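Asker: I have a structure I would like to understand better, so I am pasting it below and will then ask my questions one at a time.
The values are calculated or read from the model by the stated rules, or taken from the named source; none is laboratory data. Fair warning: this is a prediction, and the values are worked out from it, not measured in the lab. Neighbour counts run over all protein chains shown; Cβ positions are idealised from the backbone, glycine included. Side chains included, ligands, DNA and RNA excluded: accessible areas come from the protein's heavy atoms. Shrake-Rupley method; radii C 1.70, N 1.55, O 1.52, S 1.80 Å.
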Amino acid sequence: MSVSVRLDALAAALGARDFGGAETIELPVDAPRWFGAAAPLRRYAAASEQTPDMPCAWITQGPPEPPITAPWLAVTLDEAALTWRLQRALDRLADGTGMPGTLVRIGNHGVVLTGSAGSGKSHAALELLHRGHALVSDDLIRLETAGNRLTGRAPEQGRGRLAVRQLGIIDVTAHFGDGAVSRSAEPALIVELDANADADGLDGGWEESGLLGRPLPRLRLSPGPMIATVIEVALQESILRRGGRGGAPAWIREQQEAIRCD
């Protein structure tokens with residue numbers, strides 16, 4: 001299976017500094033696995049590098065010199081980061097059931113973190129991981145339905161990875177242990193992180209959004225130093241609003257117990 005990709009869209013997804021050679025290119029959906037001698041997508045190191053068959057696109061560290069005539073993109077990413085971003089870009093283009101965002105499992109519920117680039121999604125996820133919760137997926141969430149259940153998962157190649165500004169792509173298990181990664185979660189709340197969210201909205205900014213036809217509560221929050229705590233309380237509040245049982249949930253009781261033991 002292949003997908004037609006606008007070169008400018010792919011350049012933006014990969015953070016390319018420059019690009020040229022074509023308006024669109026055809027790439028296989030599993031293009032990140034193709035970095036090799038016969039790859040349709042290749043790294044280019046020097047003008048003297050020659051190959052018997054011209055690939056459909058080059059990934060370069062700068063504008064290439066002749067004789068390169070295929071489409072090209074100039075990036076500064078290392079191999080792991082490039083593969084991760086490329087897989088995400090192709091997943092978005094090839095799969096209509098995916099949505100951009102980060103999915104974190106808190107207790108038995110999933111919280112979808114959305115927002116523009118730089119809004120603080122990864123930092124909020126990092127704080128939630130530090131508090132003992134689990135990452136399901138970062139950057140792209142695959143959604144599935146079965147009966148009345150809506151489930152979110154990670155693309156297989158991106159499971160257990162979190163892209164954090166200024167740190168790069170980190171292995172969540174290496175930092176937080178095996179329990180910090182979950183295969184799936186049922187979304188129960190959508191949190192949109194927005195620095196311009198109303199700071200004086202004392203009545204609450206609750207709205208409702210739909211994911212694959214399932215209504216979910218949605219809340220706009222301004223990122224801040226206590227964002228992880230606010231997200232935990234927001235999830236509990238959304239459960240109570242739907243008629244859930246009162247009392248502190250397990251994740252809050254565990255943290256309170258840890259504080260008492262310190």
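Asker: Of GLY110, GLY118, which residue is over 26 Å from GLU237 (Cα atoms) and out of contact with any Cys (no Cβ under 9 Å at 6 or more places or on another chain)? Let's see the steps before the verdict.
Answerer: Details: GLY110 fails: over 26 Å from GLU237 (Cα atoms).
Every option except GLY118 fails the conditions.
Asker: Return the only residue of ASP91, ASP78, ASP30 being under 20 Å from the mean Cα position of the chain (by Cα), modelled with pLDDT of 80 or more and of a type in the set (Asp, Glu). Please lay out each step first, then the result.
Answerer: Details: ASP91 fails: modelled with pLDDT of 80 or more; ASP30 fails: modelled with pLDDT of 80 or more.
That would be ASP78, the only listed residue that is under 20 Å from the mean Cα position of the chain (by Cα), modelled with pLDDT of 80 or more and of a type in the set (Asp, Glu).
Asker: Restricting to segment 219-245, and then to whatever is open to solvent by 50 Å² or more (accessible area, probe 1.4 Å) and not in a loop (DSSP other than H, G, I, E, B), can you tell me which residue is farthest from ALA134 (Cα to Cα)?
Answerer: Going through the qualifying residues, I end up with ARG241.
Asker: For segment 1-16, name all the residues that are among the small types (Gly, Ala, Ser) and either at pLDDT below 85 or open to solvent by less than 60 Å² (accessible area, probe 1.4 Å) (or both).
Answerer: The initial filter retains those residues of segment 1-16 that are among the small types (Gly, Ala, Ser), namely 2, 4, 9, 11-13, 15-16.
Within segment 1-16, SER2, SER4, ALA9, ALA11, ALA13, GLY15, ALA16 qualify.
Asker: From ARG165, ARG161, which residue is among the charged types (D, E, K, R), touching a residue at least 60 places away in the same chain (Cβ under 8 Å) and in contact with a helix residue (DSSP H, G or I) (Cβ under 7 Å, 6 or more places away or on another chain)? Break it down stepwise before answering.
Answerer: Details: ARG165 fails: touching a residue at least 60 places away in the same chain (Cβ under 8 Å).
That would be ARG161, the only listed residue that is among the charged types (D, E, K, R), touching a residue at least 60 places away in the same chain (Cβ under 8 Å) and in contact with a helix residue (DSSP H, G or I) (Cβ under 7 Å, 6 or more places away or on another chain).
Asker: Here's something else I'd like to know. Which one of the conditions (1) open to solvent by 50 Å² or more (accessible area, probe 1.4 Å); (2) within 13 Å of LEU140 (Cβ to Cβ); (3) of a type outside the set (Gly, Ala, Ser); (4) modelled with pLDDT of 75 or more does THR102 fail to meet, given that it meets all the rest?
Answerer: Only one criterion in (1) open to solvent by 50 Å² or more (accessible area, probe 1.4 Å); (2) within 13 Å of LEU140 (Cβ to Cβ); (3) of a type outside the set (Gly, Ala, Ser); (4) modelled with pLDDT of 75 or more is unmet by THR102, namely (1).
Asker: So which strands (runs of 3 or more DSSP E) stay within segment 111-205 end to end and still have 1 or more residues that are open to solvent by less than 60 Å² (accessible area, probe 1.4 Å) and modelled with pLDDT under 90?
Answerer: Details: elements: 134-137, 140-146, 149-153, 161-164, 168-171, 187-193.
The strands (runs of 3 or more DSSP E) meeting that bar are 140-146, 149-153, 161-164, 168-171.
Asker: Let me ask something else. Six or more apart or on different chains, Cβ atoms under 6 Å: show the pairs whose first residue is in segment 1-29 and without any contact (Cβ under 8 Å) to a residue 40 or more places away in the chain and whose second is among the basic types (Lys, Arg) and not in a helix (DSSP H, G or I).
Answerer: Hits for this filter: THR24/ARG6.
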